[in-house]
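Okay, structure first, notes after.
The values are calculated or read from the model by the stated rules, or taken from the named source; none is laboratory data. Just so it is clear, the model here is predicted, and its values are computed rather than measured. FYI the Cβ positions are ideal-geometry reconstructions off the backbone, even for glycines, and counts take in every protein chain you see.
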Amino acid sequence: MDLSGILSQAGFAFQMKVFLKQVTELNPNTVASYEYLDDISASTSLDELSGRIGLCESRLIQVKNTNVAKRDVVQIYTNWILAVSKHESISSFWLLYSDDKSLSVHFDAITANQFIEGLDERAKKSSRSNAAKLKASLDDDDIVRLFSCVKEKASAYAINENAINSEIRDNLSSIFHLTSNVDLFDERVAELRRRIQFNVSEAMLKAIPYKIDYESFMQLCE
C-alpha cells in the first residue's frame, strides 16, 4: 500500500484528530482502535483483544470530513452491518462529520427497502466492494434484521475541528504539565501525534487495525 497520498489527505488528518481524542480519553482496561476503512472504533474492554467481544459493549465510530450524501449513507450502513454481523455486542454506531459539511436527511429517513436497493446498486458496480461482500455473506432477511438493529443504535453528530484540538489539549494538560512550560507542552503534544500516526501507518501497511490500550498510551506519553 502506498500511504503517501492517503496520509496527506485532509480527511485522514481529520480522522487522526478524532482518533487522538479517543486515545486521550482512555481509562484503565479500555482500548481504542483505528482501522483504515474510514472507521474509528473505541471498545470498553480488553476482552475484545482475547476474542470475547461478545462479552463487552463497544461503540463503532465512522468519521467523515466531506458532505454526507445519500450514497454515503448506504456505504456507512454497509460498513456498520458488516461489523455487527461479526460482533453483535456493539452497543452504538456514531457518525461524526465536520460541522462545516452537510448531512443528508437520508441518514435518519432511510428505510430497509431503500437500503437494500442502494446495496444492490453498489454490489453490481464492484464485486470487490463491501456491498458485494455483505450480499455474499448474508441473505436479504438477515441484512434487513441487522439494518434495523443498527438504525436503532445509530446517531450522527457534527463536530468542530478547533473544538477537537482544544479537547485534546485539555485531556493532555495534566499528563504533560501544561502550566509549567507551554512551549514544551506543545512539543510533547506534537510528538504524541507523530508517534500515533506512525503506529497507525505501520498497521495500515500490514492491513491490520491499530489498537492501543491505556497502559500503552501512558507509555507513549513518557
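Conditions tested, residue by residue: (1) touching a residue at least 60 places away in the same chain (Cβ under 8 Å); (2) charged (D, E, K, R).
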residue	(1), (2)
70	no, yes
75	no, no
99	yes, yes
105	no, no
109	no, no
113	no, no
118	no, no
125	no, yes
134	no, no
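Which residues, counting only those in the stretch 63-114, are surrounded by fewer than 21 Cβ atoms within 10 Å (Cβ to Cβ), hydroxyl-bearing (Ser, Thr, Tyr), under 16 Å from the mean Cα position of the chain (by Cα) and farther than 23 Å from residue 17 by Cβ? Of everything in the stretch 63-114, just one residue is surrounded by fewer than 21 Cβ atoms within 10 Å (Cβ to Cβ), hydroxyl-bearing (Ser, Thr, Tyr), under 16 Å from the mean Cα position of the chain (by Cα) and farther than 23 Å from residue 17 by Cβ, namely 91. A single member of 26, 37 is under 21 Å from residue 169 (Cβ atoms), part of a loop (DSSP other than H, G, I, E, B) and at pLDDT 50 or above, and it is 26. Restricting attention to the stretch 183-205, the residues that are closer than 30 Å to residue 88 by Cβ and in contact (Cβ under 8 Å) with a residue 24 or more places away in the chain total 4. If only residues of the stretch 143-190 that are among the β-branched types (Val, Ile, Thr) and in a helix (DSSP H, G or I) are counted, the one that is farthest from residue 84 (Cα to Cα) is 182.
Of all residues in the stretch 201-222, count the ones that are among the hydrophobic types (A, V, I, L, M, F, W, C), in a helix (DSSP H, G or I), at pLDDT 90 or above and buried (at least 16 other Cβ atoms within 10 Å of the Cβ). Spell out the reasoning first.
If we filter the stretch 201-222 for residues that are among the hydrophobic types (A, V, I, L, M, F, W, C), which is where we start, we get 203-205, 207-208, 212, 217-218, 220-221.
Retained after the next criterion (residues that are in a helix (DSSP H, G or I)): 203-205, 217-218, 220.
Restricting the remaining residues to those that are at pLDDT 90 or above gives 217-218, 220.
With buried (at least 16 other Cβ atoms within 10 Å of the Cβ) added as a condition, the list becomes 217.
Residues meeting the conditions: 1.
Please work out which residue is modelled with the lowest pLDDT, limiting yourself to the stretch 66-88 and to residues that are touching a Lys or Arg at 6+ places or on another chain (Cβ under 9 Å) and over 14 Å from residue 138 (Cβ atoms). Only one residue tops the list, namely 66.
Using the structure shown, decide if residue 185 is within 17 Å of residue 19 (Cβ to Cβ) and either touching a helix residue (DSSP H, G or I) at 6+ places or on another chain (Cβ under 7 Å) or surrounded by 15 or more Cβ atoms within 10 Å (Cβ to Cβ) (or both).
Numbers: within 17 Å of residue 19 (Cβ to Cβ): no; either touching a helix residue (DSSP H, G or I) at 6+ places or on another chain (Cβ under 7 Å) or surrounded by 15 or more Cβ atoms within 10 Å (Cβ to Cβ) (or both): yes.
No.
Under 24 Å from residue 36 (Cα atoms) and not aromatic (Phe, Trp, Tyr): does that describe residue 129?
Working: under 24 Å from residue 36 (Cα atoms): yes; not aromatic (Phe, Trp, Tyr): yes.
Considered against the rule, which asks whether it is under 24 Å from residue 36 (Cα atoms) and not aromatic (Phe, Trp, Tyr), residue 129 comes out as yes.
Of all residues in the stretch 52-63, those that are modelled with pLDDT of 50 or more have Cβ atoms under 8 Å from Cβ atoms of residues that are among the acidic types (Asp, Glu), 6 or more apart or on another chain, in 58/48; 60/39; 61/39; 62/38; 62/39; 63/38; 63/39.
The residue that is modelled with the lowest pLDDT, among those in the stretch 132-142 that are assigned to a helix (DSSP H, G or I) and closer than 15 Å to residue 84 by Cβ, is 133. Can you work out which of the residues in the stretch 163-182 that are of a type outside the set (D, E, K, R) and either in contact (Cβ under 8 Å) with a residue 40 or more places away in the chain or at positive phi (or both) is surrounded by the fewest Cβ atoms within 10 Å (Cβ to Cβ)? So the residue we want is 177.
Just to verify a result, which residue in the stretch 136-162, among those that are of a type in the set (S, T, N, Q) and either crowded, with 16+ Cβ neighbours inside 10 Å or in contact (Cβ under 8 Å) with a residue 12 or more places away in the chain (or both), is nearest to residue 100 (Cα to Cα)?
Initial filter on the stretch 136-162 (of a type in the set (S, T, N, Q)): 137, 148, 155, 160, 162.
Restricting the remaining residues to those that are either crowded, with 16+ Cβ neighbours inside 10 Å or in contact (Cβ under 8 Å) with a residue 12 or more places away in the chain (or both) gives 137, 148, 155, 160.
Numbers: 137: 37, 148: 29, 155: 18, 160: 8 Å.
Among those residues, the one meeting the criterion is 160.
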